[in-house]
Structure formats: C-alpha cells, structure tokens
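Accompanying notes for the structure given below.
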Amino acid sequence: MSEQIWSVSDFVAVLNQTLEFAYPGVTIVGELANFRISKNKWVYFDLKDENASVRCFGTVYMLPGPLEDGLSVQVNAAPRLHPQFGFSLNLMSILPVGEGSLRRAAALLEAKLTREGLFDEARKRPLPYPPQTIGLITSGESAAYADFIKITNARWGGLDIKLADIQVQGEAAIEQISQAITLFNQLPKIPEVLVLIRGGGSADDLMAFNSESVTRSVAASRIPTLVAIGHEIDTSLAEKAADKCASTPSNAAELLTPDKKHELVRLKTAQSSLNQHLSTITDNLRQQVKYFADQFINVMRQTFNNERQKLATSANLLEALSPNAALIRGYAILRSGDRLIKSGRQVRENSLISAQVSDSVIDAQVKKVDYNK
Amino acid sequence: MATKPVNYQKLNSELEQILAQMQSGELDIDESIKLYERGQKIVKELQTYLKATENKISKVQASKK
C-alpha cells in the first residue's frame with residue numbers, strides 16, 4: 001500500500017475531521033494556568049496537571065464568574081488543531097470543581113460583585129407580609145420543595161403559588177434558574193415575591209448558586225426575592241444578593257407568612273380588646289351622663305333655692321310696700337267717690353269723702369281745709 | 001365557595017387602626033360604635049379567611065432539560 005503523502009493543510013483538515021468525529025466534546029478536569037482575557041472577550045488559559053498541559057481558548061460569556069490561576073476546573077471543550085495556532089481545546093463550558101476552588105471562585109466573584117454594589121443593604125426591599133402570589137423556583141421532586149410547601153400549607157392559606165420546576169444541581173441549573181427568574185419577571189401579572197430554595201449539598205452541588213449568572217439574576221429581579229440554599233453555615237452569593245435570605249427552605253416558609261394559629265389567637269385578643277374598648281367608652285359615657293345628671297340636679301336645686309329666696313324677699317317687699325301696711329300703721333286712704341285724694345285742693349268744705357282705714361271704710365264730710373298745718 | 005380575595009394585610013392594618021383610635025378615647029359614642037362594629041366584622045372576615053382558604057399550586061413552563 002503506497003504511503004499516503006499529505007500536504008500540511010490536508011493533514012490538518014483530516015486530523016480535525018477525525019478529532020471532531022472522535023471527540024466532539026470532552027470533559028477534562030485540571031488546574032487553571034496562564035489565565036488571561038483579551039479585549040474583554042477572548043479567554044486564553046492552560047489546563048494542566050503534574051505531567052501535562054494543554055492550551056484552551058474560549059469567550060468571557062462562558063465563564064461562570066472571575067477565575068484565577070491555581071483553581072481546579074472542569075472544562076467541556078472540543079479538541080481542535082488550528083492551521084496556524086496549532087492544537088487547542090475550544091471551550092464549551094468551564095466550572096470550578098472541588099471545595100477549595102469553588103470557595104475561591106466564589107470569593108473572587110463576591111469581591112467583584114461587592115465592588116459593583118450588588119450586595120448593598122440599601123438595595124434590599126421588604127417582602128410583602130403575607131404575600132398572596134408566590135413565584136417558587138426549585139426542583140419539584142426535591143425535599144426542599146416538599147418541606148417548603150408542607151410548612152407553608154400548615155401556616156397560611158389563600159396563596160397562589162406558581163412553581164418553576166427546574167434543576168438545582170449541575171451545570172444546567174445555572175441557566176435554568178436564571179431563565180426561571182427572567183420568566184417570572186416577564187409574566188403579565190408578576191408574583192409579589194420570588195422564592196428560590198434548595199436543600200443541603202456539597203460545594204459542587206450548590207455551585208449554581210455561586211455563579212455570576214444566577215447571582216446577577218437574583219439581584220436584577222424586579223420582584224423581591226427570598227433565597228434559601230443549603231445548610232445554615234455557608235451563605236451562597238445568590239442568598240447575599242437576595243432581598244432576604246433564610247437558613248433553610250422551611251425557615252423560608254416561616255419568614256414568608258405568619259402562622260395561622262398565632263393569627264387566630266391575635267384576632268381573639270383583638271376581638272376582646274374591641275369589646276373592652278367599647279365598654280370603657282360606654283362606661284366613661286355613663287359616668288359622664290351621671291355627672292351631668294348630678295350637675296343638673298345640683299344646678300336645679302340651687303336655682304330653685306335662689307328662686308325661693310328671691311320670691312320670699314319680693315313677697316316681703318311687696319308686703320312692706322303694700323298700702324295695707326301703711327293703714328295698719330295709722331294712715332288712711334281718702335277718696336272722693338272713686339277718685340284718690342292726694343291734695344286739699346281736690347275737695348271743698350262739706351263735700352262727702354270716704355276714708356279707708358286698715359279694717360273699714362269711714363264715710364265723712366269735709367269741715368275745713370287747713371294748709372298751714 | 002369562591003371567597004372574594006381578602007387582602008389580609010390591608011384588613012389587618014385597618015383593624016389595628018380601629019383599635020388605636022378606640023384606645024385614644026377622643027371618639028364620641030356614635031363613632032365608637034361604628035368602629036366597634038367594623039372591627040368585629042373585620043375579625044370575623046379574617047377568621048374565615050384563615051380557616052377556609054386553601055393554597056393553590058400551579059406550574060409555570062420552565063425548561064427542565
């Protein structure tokens with residue numbers, strides 16, 4: 001079989017086809033080295049371990065967040081032989097792996113987003129308490145979902161809960177969570193609160209909640225957000241970006257609604273204080289009315305006494321002024337016919353007059369009128 | 001029975017307001033009785049809301065590959 005002789009280009013083309021056929025996409029874990037970004041778009045780095053190193057090439061849009069040399073990462077890439085630049089892995093996705101790297105990557109992202117003010121307290125909005133409509137983002141089969149619903153149902157009723165059933169683990173989770181947040185924010189009638197929950201897991205399991213895409217989506221949500229991820233101890237960046245974070249899915253349910261039992265007790269006390277206030281008011285009124293009544297009686301008694309006194313004095317006065325009193329003292333009232341005689345000029349000698357004394361009337365005749373007495 | 005969507009928060013704060021007003025003691029008897037009756041009505045409405053209503057859970061179309 002005659003030896004095949006290739007041109008360089010043919011050889012590169014054929015090799016590429018073989019690679020594409022044999023390795024459409026490979027997943028490799030290794031250490032990040034010589035990581036650099038150019039023109040804010042292209043990403044170059046080496047993926048290495050103790051014995052080997054391979055060049056990788058991608059774009060910034062594939063990054064889960066800021067990365068730095070030394071992180072161990074898992075890369076999905078397509079091996080290619082570039083005609084000029086030689087062999088490299090064309091990046092499809094890249095994620096930090098392992099507790100240490102994940103923590104480190106999260107710290108880098110946290111620093112970056114903190115600088116942008118994404119975690120500022122001032123951005124935090126209060127949650128409606130209680131809400132009526134809830135956008136719930138979690139995996140429908142998860143224990144977190146079951147706990148959240150169980151506790152919510154026990155505590156409160158009348159809620160309209162819309163579930164976005166998504167993956168909460170693995171690479172796909174990042175995109176699905178961000179898409180769910182966007183979906184709820186674009187509904188014709190947006191829910192009053194978004195709840196993103198996930199139970200405990202390893203650092204790798206919770207990786208999505210430390211990704212830049214999810215953290216930014218939570219922060220950018222027009223709808224106030226409540227996020228509860230994993231165990232109490234570690235707080236994911238998504239929780240830090242949320243308006244409110246809870247330690248567990250159950251705790252999230254407790255923060256979101258009051259408890260029916262407490263509310264019923266509170267309503268009972270409200271009812272009795274209503275009764276009590278009313279009776280205090282009516283008692284006060286009754287006392288007031290009584291006070292007024294007493295006042296009224298006193299005033300009446302007083303007025304009555306005053307009147308009686310006044311009457312007595314007038315009677316005495318009347319008595320004193322009455323002509324009869326004068327008659328008793330010896331005066332007499334002289335009349336000529338029915339005319340009162342006040343002066344001697346009103347009579348002449350021999351005219352007939354009558355004199356009224358205290359006990360009788362004396363008819364008499366005028367003898368003489370003497371003016372100089 | 002289709003309960004009219006009670007706005008729990010709104011009714012609740014109205015009840016608290018009524019209690020505060022009645023406590024202030026500046027009301028005349030007619031206002032107090034009116035407020036008293038309104039307060040009782042709210043309490044009953046909220047109690048029914050708490051006891052009767054169920055939670056409704058529905059799914060929105062989310063991509064679950």
Note: A:272-281 gets an average of partner chain Cβ contacts (10 Å, Cβ to Cβ) equal to 6
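Arrange A:ARG103, A:ARG216 by Cβ neighbour counts within 10 Å, fewest through most, would you?
On the way: A:ARG103 14, A:ARG216 20.
Final ranking by Cβ density, sparse to dense: A:ARG103, A:ARG216.
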Counting DSSP beta bridges in chain A, what percent are antiparallel, to the nearest 5? 65 percent
HN-Hα couplings for the range A:278-285 via Karplus (6.51, -1.76, 1.60; θ = phi - 60°), in whole Hz with x for Gly/Pro, come out as 5, 5, 4, 5, 5, 4, 4, 5
Quick one: what are the phi-derived ³J(HN,Hα) couplings along the range B:10-24, Karplus 6.51/-1.76/1.60 with θ = phi - 60°, whole Hz, x for glycine and proline? 5, 4, 4, 6, 5, 4, 4, 5, 4, 4, 5, 4, 5, 6, 5
Mind checking the full-extension length gain between A:ALA293 and A:ARG222? Use 0.36 nm per residue of separation minus the Cα-Cα distance, one decimal, nm. 19.2 nm
Under 5 Å from the placed amide H of A:ILE161, counting only residues 5+ away or on other chains, we find A:ILE134, B:LYS56, B:ILE57, B:SER58
Inter-chain shielding of A:123-131 (mean C-beta neighbours from other protein chains, 10 Å cut-off): 1
Footprinting proxy, B:ASP28, A:ASP259: sorted fewest to most Cβ within 10 Å, the residues are B:ASP28, A:ASP259
Using θ = phi - 60° and the Karplus form 6.51 cos²θ - 1.76 cosθ + 1.60, what ³J(HN,Hα) does each residue of the range A:63-78 get, whole Hz, x for Gly and Pro? 7, x, x, x, 10, 8, 4, x, 5, 8, 10, 10, 10, 9, 8, 10
Please arrange A:ILE362, A:ILE151, A:ILE28 by counting, for each residue, the other beta carbons lying within 10 Å of its beta carbon, fewest first. A:ILE362, A:ILE28, A:ILE151
Given a Förster distance of 60 angstrom, what is the FRET efficiency for A:GLN132 paired with A:TYR331, based on the Cβ-Cβ distance and rounded to 0.05? 0.05
Mind scanning A:LYS48/A:LYS112; A:LYS189/B:LYS56; A:LYS112/A:LYS189; A:LYS150/A:LYS268 and naming the pairs with a C-alpha gap bigger than 22 Å? A:LYS48/A:LYS112; A:LYS112/A:LYS189; A:LYS150/A:LYS268
Listed by chain and number, the residues whose amide H is under 5 Å from that of A:LEU334, excluding neighbours fewer than 5 places away on the same chain and using placed H, are A:ILE341, A:GLN356
Counting only residues 5 or more places away or on other chains, whose amide H sits under 5 Å from the amide H of A:ILE94 once H atoms are built in the peptide plane? A:ASN76
Can you classify the range A:116-161 as rounded, prolate or oblate using the Cα gyration tensor, where a ≥ b ≥ c are the square roots of its eigenvalues, rounded means a/c under 1.5, and otherwise it's prolate if a/b beats b/c and oblate if not? oblate
Taking r as the C-beta separation of A:THR59 and A:GLU3 and R0 as 35 Å, the FRET efficiency to the nearest 0.05 is 0.30
Modelled label-to-label distance, A:GLU192 and A:GLU116, 7 Å Cα→beta-carbon offset: nm? 3.0 nm
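Would you work out if the protein assembly as shown is rounded, prolate or oblate? Take a ≥ b ≥ c from the square roots of the eigenvalues of the alpha-carbon gyration tensor; rounded if a/c is under 1.5, else prolate when a/b is larger than b/c, oblate otherwise. Present the calculation step by step, with values, prior to reporting the outcome.
Values: a/c = 6.61, a/b = 4.81, b/c = 1.37.
Because a/c hits 1.5 or more and a/b exceeds b/c, the protein assembly as shown counts as prolate.
Shielding of B:26-38 by partners, i.e. mean partner chain Cβ atoms within 10 Å per residue?
Whole-number average of other-chain Cβ neighbours for B:26-38 is 3.
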Give me the number: length gained by fully extending A:SER358 to A:GLN302, i.e. 0.36 nm times residue separation minus the C-alpha to C-alpha distance, one decimal in nm. 16.3 nm
Can you work out the FRET efficiency for the pair A:LYS39 and A:ASN76, with r the C-beta to C-beta distance and R0 = 25 Å, to the nearest 0.05? 0.60
Rounded, prolate or oblate for the range A:1-89? Axes are the square roots of the Cα gyration tensor eigenvalues, ordered a ≥ b ≥ c, and the cut-off for rounded is a/c under 1.5. prolate
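The numbers here are math on the coordinates, done by the rules we state, and not lab data. Just so it is clear, the model here is predicted, and its values are computed rather than measured. Neighbour counts run over all protein chains shown; Cβ positions are idealised from the backbone, glycine included.
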